[in-house]
Amino acid sequence: GRSLSWSGAAGGAVYTHLLSSTRGAGFALGGLSAWRGLCDPVHHVAGQTGVSEGGSGGVGSLAVQIAQARGAKVIATASTRNQYLLKQLGTDLAIDYTKEKFEDKAKEVDVVFDTAGRETLTRSYGTLKRGGTLVSIQSQPDPEECRKHEIQGIFLASHPDAGELAEIAKLIDAGQIK
């Protein structure tokens, strides 16, 4: 059945949304991480190209869908067994990271949304065009690498926000996030 799965409060405003318990549990923080990683620093995602590393994971798959709903071209990485999911999500370019390096295919992108950290983060700097944005939910992007590549680096930590949850709920209601 349906149950009250998430609620958020910010600045005195409270927003609640009804989802099944299993669906709702993953949407709150995962959805906020994806939303903030794409919409907060970038704002105008439409027409841009973004890479979601770990595009078949909980946060990465939400990032793919949010970016698409906002008009971006989406490149996403996943293992061989998760390529089907990337295709189901409508990814413009699905990269199997077990067979090829994403940096060989993703060039001059506007945004990289890193959910893996470590080596993947290190390999991401060179995929961005000058002025691009690297957002990581795992590690702080190296300020020197960001300066060298003339990009913005953001380390993102999530906390509940009613307004952002409301925007995510609109995308769910519109069928743009599954």
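The values are calculated or read from the model by the stated rules, or taken from the named source; none is laboratory data. Keep in mind the model is a prediction, meaning the values are calculated, not measured. Please note: Cβ atoms are built from the backbone with ideal geometry, for glycine as well, and neighbour counts cover all protein chains shown. SASA here: full protein model, heavy atoms, side chains in, ligands and nucleic acids out. Shrake-Rupley method; radii C 1.70, N 1.55, O 1.52, S 1.80 Å.
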Inside segment 72-171, counting only strands (runs of 3 or more DSSP E) that do not spill past its ends, which hold 1 or more residues that are touching a residue at least 60 places away in the same chain (Cβ under 8 Å), open to solvent by 30 Å² or more (accessible area, probe 1.4 Å) and touching a helix residue (DSSP H, G or I) at 6+ places or on another chain (Cβ under 8 Å)?
-> 152-155
Scan of segment 126-142 for residues that are touching a strand residue (DSSP E or B) at 6+ places or on another chain (Cβ under 9 Å) and more than 24 Å from Leu62 (Cβ to Cβ), ordered by number | Lys129, Gly131, Asp142
